[in-house]
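J.: Quick one: this structure, given as structure tokens, is what I'll be asking you about.
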Amino acid sequence: MKIYNSISRQIEEFVPLKKGQVGMYTCGPTVYMFAHIGHGRKYVYDDVLRRLLTADGFKVTHVQNITDVGHLVSDADEGEDKLEKGARLANKTVWEVAQMFTDSFFADMDKLNILRPDISCKATDHIPAQIKLVQKLVDKGFAYDTPEAVYFDVAKFPRYDHLFGQNLQDKLVAARSDVVTGSYKKNPVDFALWFKRIGKFADHSMHWDSPWGDGFPGWHIECSAMSMEYLGETFDIHTGGEDHLSIHHPNEIAQAEAATGKPLARYWVHHGFLMVDGAKMSKSLGNVYRVTDVMDKGFSSLALRYFFLTAHYKTPQNFTWSAVAAAQSAYDKVVSFVRGAQTSAVTRISLSKEKLKKIDEYRDRFWTVLNNDMNVPQGLAVMWEMLKSNIPDRDKLDLLLDFDQVLGLDLVNISEIAVPDEVKQLAAERERLRKSGEFVKADEVRMQVEKMGYTINDTAHGPTFTKK
């Protein structure tokens, strides 16, 4: 398998630290509000990567964090804690808000058929590990104590200026009039490892004792501490959104490598943004959608997953309702084929060498493009070419279910939907009218069926149905 490594900025062959095993850490949600479809796209592609590694024969240990403290409104140590903000808006405690949105997050990811991580770790459950890591950085001279926080001294880590092709100027965040940047920082890009419960954080409701006083961890230290606790000081793959390229992931690397003297992760995978109607998602534009919002419009959550798969993971993708409608139509055709092939004759026919060769070619082409930097859109093109070919449907179905190990459209669990006898009778009448050339009347019957809540799909095995 080859994958684009953001740290080297080139596509590299994937070679794990331990033969046959992969340690994979994915940046998880900050649970102060509902996850939106932009998050969904990122986690779908994390899921594809995990499924692909598994299909390639690796035993994957997938760790994903839950950020339930310390992530400020700005990634650069500015503003209030997002959990405090979420609690204030919901009129709940921070603990209640964290649990509510954690449950909501996993419910939405389940709808997208995303495999749950092997280890889901909450920041608040790993405070001792974070304090231990901060202490190590202080002892090594990479961190300094101030009246407001313990900061990481970026000047002591020269590589910081070049991580992911960024420079220090890219990492500077302009101070707003309503935000006070830490006045005790040696350098504006120094970042907090431990916030003290004073000043604007005097009433912070989540806090713990530490060698530097009562307080709470910074967001960046959480990921380094938890990833190393479960996967070791160096592990194989770390993923995240491309918004982490400038601040969060450089900070993770700096503090972890300063503490251990070893690379944190060998491969860094970053996913492109999801736009909505060509614009960034924002509450002011009213274009922040959840998975359930898409479903409320009548679309399947797996059709939404299919939509995400139509763009390469590194490429920005534009969400529109017409694009999701097209994805729904494509997904319905796949489902219709599966249902038709399931009900066709099970008896295998003897295949010619030419058709056997074609089956092998489709399989090889699919796995080749998937293993070339997770090129799922090309994989879908191979899938459709295969479905339109003249190989037997039962062999097409076998290939399709093989491909779905990575696509994750849950095709193996598709079963025939319960259709009322009246709808079946109308479909049979439509077939009779079509065969006799009475196409106008046949179309009128089709519209009658649609008013009853069903779509007729014409297949080589006769009509199948989709519930609208």
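The values are calculated or read from the model by the stated rules, or taken from the named source; none is laboratory data. A quick note: this is a predicted structure, and the numbers were derived from the prediction, not measured. Cβ coordinates were reconstructed from backbone atoms using ideal geometry, including for glycine residues, and neighbour counts include every protein chain displayed.
J.: Determine whether residue 128 is surrounded by 15 or more Cβ atoms within 10 Å (Cβ to Cβ) and either not in a strand (DSSP E or B) or not assigned by TED's automatic domain parsing to the domain that holds residue 372 (or both).
T.: On the way: surrounded by 15 or more Cβ atoms within 10 Å (Cβ to Cβ): no; either not in a strand (DSSP E or B) or not assigned by TED's automatic domain parsing to the domain that holds residue 372 (or both): yes.
Considered against the rule, which asks whether it is surrounded by 15 or more Cβ atoms within 10 Å (Cβ to Cβ) and either not in a strand (DSSP E or B) or not assigned by TED's automatic domain parsing to the domain that holds residue 372 (or both), residue 128 comes out as no.
Yes/no matrix, rows are residues, columns are (1) within 14 Å of the chain's Cα centre (by Cα); (2) within 24 Å of residue 292 (Cα to Cα); (3) part of a helix (DSSP H, G or I):
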site: 24; (1), (2), (3): yes, no, no
site: 41; (1), (2), (3): yes, yes, yes
site: 54; (1), (2), (3): no, no, yes
site: 60; (1), (2), (3): no, no, no
site: 79; (1), (2), (3): no, no, no
site: 99; (1), (2), (3): no, yes, yes
site: 104; (1), (2), (3): no, yes, yes
site: 114; (1), (2), (3): yes, yes, no
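J.: Would you be able to tell me the number of residues in segment 214-244 that are crowded, with 16+ Cβ neighbours inside 10 Å and more than 30 Å from the chain's Cα centre (by Cα)?
T.: Residues flagged as crowded, with 16+ Cβ neighbours inside 10 Å and more than 30 Å from the chain's Cα centre (by Cα) within segment 214-244 amount to 1.
J.: Just checking, which of 83, 17, 53 is over 26 Å from residue 300 (Cα atoms) and at pLDDT below 95?
T.: Working: 17 fails: at pLDDT below 95; 53 fails: at pLDDT below 95.
83 is the lone residue from the list that is over 26 Å from residue 300 (Cα atoms) and at pLDDT below 95.
J.: For residues that are surrounded by fewer than 16 Cβ atoms within 10 Å (Cβ to Cβ) and either more than 16 Å from residue 71 (Cβ to Cβ) or touching a Cys at 6+ places or on another chain (Cβ under 9 Å) (or both), tally how many sit in segment 189-212.
T.: In the first step, residues of segment 189-212 are kept if they are surrounded by fewer than 16 Cβ atoms within 10 Å (Cβ to Cβ); the result is 198-200, 202-203, 205, 209, 211.
Right, trim to either more than 16 Å from residue 71 (Cβ to Cβ) or touching a Cys at 6+ places or on another chain (Cβ under 9 Å) (or both) and you get 198-199, 202-203, 209, 211.
Looking only at that region, the number is 6.
J.: Now a separate question. Would you mention how many residues in segment 384-394 are surrounded by 15 or more Cβ atoms within 10 Å (Cβ to Cβ), outside any loop (DSSP other than H, G, I, E, B) and without any contact (Cβ under 8 Å) to a residue 40 or more places away in the chain?
T.: Going through segment 384-394, the residues surrounded by 15 or more Cβ atoms within 10 Å (Cβ to Cβ) turn out to be 386-387, 389, 391-394.
Within this subset, residues satisfying the condition of being outside any loop (DSSP other than H, G, I, E, B) are 386-387, 393-394.
Pick out the ones that are also without any contact (Cβ under 8 Å) to a residue 40 or more places away in the chain and you get 386.
Residues flagged as surrounded by 15 or more Cβ atoms within 10 Å (Cβ to Cβ), outside any loop (DSSP other than H, G, I, E, B) and without any contact (Cβ under 8 Å) to a residue 40 or more places away in the chain within segment 384-394 amount to 1.
J.: Here's something else I'd like to know. Going residue by residue through segment 276-285, is there one that turns out to be at pLDDT 95 or above and hydroxyl-bearing (Ser, Thr, Tyr)?
T.: Scanning segment 276-285, I find no residue that is at pLDDT 95 or above and hydroxyl-bearing (Ser, Thr, Tyr), so the answer is no.
J.: Determine the pairs where a residue that is in the same structural domain as residue 43 (by TED's automatic domain parsing), located within segment 239-253, has a partner that is acidic (Asp, Glu) with Cβ atoms under 6 Å apart, the partner being 6 or more residues away or on another chain.
T.: The qualifying pairs are 239/46; 246/170; 247/75; 248/75.
J.: Within segment 344-368, track down each residue that is more than 11 Å from residue 403 (Cβ to Cβ), buried (at least 17 other Cβ atoms within 10 Å of the Cβ) and either in contact with a helix residue (DSSP H, G or I) (Cβ under 7 Å, 6 or more places away or on another chain) or at pLDDT 95 or above (or both).
T.: Residues of segment 344-368 that are more than 11 Å from residue 403 (Cβ to Cβ), as a first pass: 344-361, 364, 368.
Applying the additional criterion that residues be buried (at least 17 other Cβ atoms within 10 Å of the Cβ) yields 358-359.
Correct list: 359 only.
J.: Do we have residue 142 as crowded, with 18+ Cβ neighbours inside 10 Å and under 21 Å from residue 43 (Cβ atoms) here? Show your work before the answer.
T.: Numbers: crowded, with 18+ Cβ neighbours inside 10 Å: yes; under 21 Å from residue 43 (Cβ atoms): no.
It is false that residue 142 is crowded, with 18+ Cβ neighbours inside 10 Å and under 21 Å from residue 43 (Cβ atoms).
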